[in-house]
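Scroll down for the structure; my scribbles are underneath it.
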Amino acid sequence: MSKAKSGQLLKGKTGIILGALNEQSLAWHIALQCKQEGARILLSNNRVALRLGWIHELAALTAAPVVCTDMADMAQVEQLIDDAMEHFGGKIDFILHGAAMSYNIRKQNPYTDLDHILQQKTMNVSALSLHKLLQAAFQKNAINEWGSVVALTFAAAQRVFPGYNEMGDAKALLESIARSFGYYYGKTHKVRINTISQSPVKTIAGDVIDNFDRFFHYTDQVSPLGNAPAAALAKFCVTLFSDYTRYLTMQNIFHDGGFSMTGISDDIEALNTIK
């Protein structure tokens, strides 16, 4: 295997980027970085995101086609995989799962008074969609050997963050699916599946979380390195898509400046909020 030139870690690779909405989106930054590193990509999001129009700006920047996909609909997920294979002329090398939506947070329903119909929709879009995506790719043998799938998550899968509401449950399920499917996909096709637990980032999705600005400041003060920005996540994600991490799979990797391993920081103590 020839060595890729510097700045071309993904040269010759193809993949799907799912969930980019606008310039604040983590998936948006990752798509741009993948393009910069030499990959060819296909973008996908739901009908609402496409109607807003921002994703078409990203498509122009990355020379990528856009496929409308309702991730709650298995038939549409299967069609997404078919469209990607047709566009690239064969199997793909990587997938980013960046789809997430909390319908109860949107409706400002507290965790102790959830609308369970909405909760099912949240789980479907934010977690079960990963299983649908992996199942479709697995059954169609759509990913090359040593390919990579990455899903974005958050530390609320392990710890309680009240404002994060039902999304903590969704992220816990997402991580479990990545581990479980990672075993089967690894054994049969040598495909890696990991999740990245990212620092809070100011996005449209984050704006609907109660007291998000205070929450963002708190994690930044606790983390020894501060919150990891979206641009840093994008570069890290590229390494997981590359051939340099071939034996990394079924892991939840904390890309959070050390927040997940820090109990308290000098900065927080200096605020005199703890007596």
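Derived scalar couplings between HN and Hα for the stretch 245-262 equal 10, 4, 9, 9, 7, 6, 10, 9, 9, 7, 10, 9, x, x, 4, 5, 10, 10 Hz in order, rounded to whole Hz, by the Karplus curve 6.51 cos²θ - 1.76 cosθ + 1.60 (θ = phi - 60°), x for Gly and Pro. The 3J(HN,Hα) values that the Karplus relation (6.51, -1.76, 1.60; θ = phi - 60°) gives for the stretch 14-23 are, in residue order, 10, x, 9, 10, 10, x, 6, 10, 8, 5 Hz. Gly and Pro appear as x.
If R0 equals 25 Å, the separation of the Cβ atoms of Gln8 and Gln120 corresponds to a calculated FRET efficiency of about 0.05.
Which of the pairs Lys11/Lys235; Lys107/Lys132; Lys35/Lys187 have their Cα atoms more than 22 Å apart in this structure?
Details: Lys11/Lys235 15 Å; Lys107/Lys132 26 Å; Lys35/Lys187 30 Å.
The answer is Lys107/Lys132; Lys35/Lys187.
Specify which residue in the list Leu225, Ala142, Asn46 is farthest towards the positive end of the charge dipole of the stretch 14-269, using unit charges on the beta carbon of Lys, Arg (+1) and Asp, Glu (-1), about the Cα centre. Selected residue: Ala142.
Evaluate the charge dipole of the stretch 75-178 about its Cα centre and quote only its size in Debye, nearest 20, assuming +1 on the Cβ of each Lys and Arg and -1 on the Cβ of each Asp and Glu.
Numbers: 8 positive and 11 negative charges, 53 e Å.
In debye, rounded to 20, the stretch 75-178 gives about 260.
Rounded to the nearest whole Å³, what is the per residue volume of the convex hull around the Cα atoms of the chain? With only Cα atoms used, the chain gives 130 Å³ per residue. The 3J(HN,Hα) values that the Karplus relation (6.51, -1.76, 1.60; θ = phi - 60°) gives for the stretch 225-235 are, in residue order, 9, x, 4, 6, x, 4, 5, 5, 4, 4, 5 Hz. Gly and Pro appear as x.
For Ala60 and Arg179, FRET efficiency with R0 = 51 Å and r from the beta-carbon atoms, rounded to 0.05? Display every interim value, and only then the final one.
Details: r = 37 Å, r/R0 = 0.72.
So the FRET efficiency works out to roughly 0.90.
Residues whose amide H lies under 5 Å from that of Ser148, counting only those 5 or more places away or on a different chain, are Phe94, Ile95, Arg192; hydrogens are built 1.01 Å from N in the peptide plane.
Before anything else, pin down the relative contact order of the chain: Cα pairs under 8 Å, at least 6 apart, normalised by residue count, whole percent.
Working: 508 pairs, mean separation 49.9, N = 275.
After rounding, I find 18 percent.
Among Thr188, Thr249, rank each residue by its count of other Cβ atoms within 10 Å, from fewest to most, as a rough exposure measure. Kindly include the intermediate steps, with their values, before the conclusion.
On the way: Thr188 10, Thr249 20.
Going from least to most buried by this count: Thr188, Thr249.
Under a 5 Å amide H cut-off, with hydrogens placed 1.01 Å from N, Val67 pairs with Leu43, Ser44, Asn45 among residues at least 5 apart or on other chains.
Would you work out the charge dipole size for the stretch 14-269 about its Cα centre, treating the Cβ of every Lys and Arg as +1 and the Cβ of every Asp and Glu as -1, and quote it to the nearest 20 debye?
Working: 20 positive and 25 negative charges, 130 e Å.
It comes to approximately 620 debye.
The GNM of the chain, with springs linking C-alpha atoms under 10 angstrom apart, assigns the highest mean-square fluctuation among Ala136, Ala63, Ala155 to Ala63.
What Kirkwood hydrodynamic radius do you get for the stretch 101-218 when you take the inverse of the mean 1/r over all pairs of distinct Cα atoms, in Å? Show your work: numbers first, answer last.
Working: mean 1/r = 0.0657 Å⁻¹.
Computed over the stretch 101-218, the radius equals 15.2 Å.
Rule-based calculations on the coordinates, nothing more; no lab input. Keep in mind it's a predicted model, so treat the numbers as computed, not measured. Cβ: placed from backbone, ideal geometry, glycine included. Neighbour counts: every protein chain shown.
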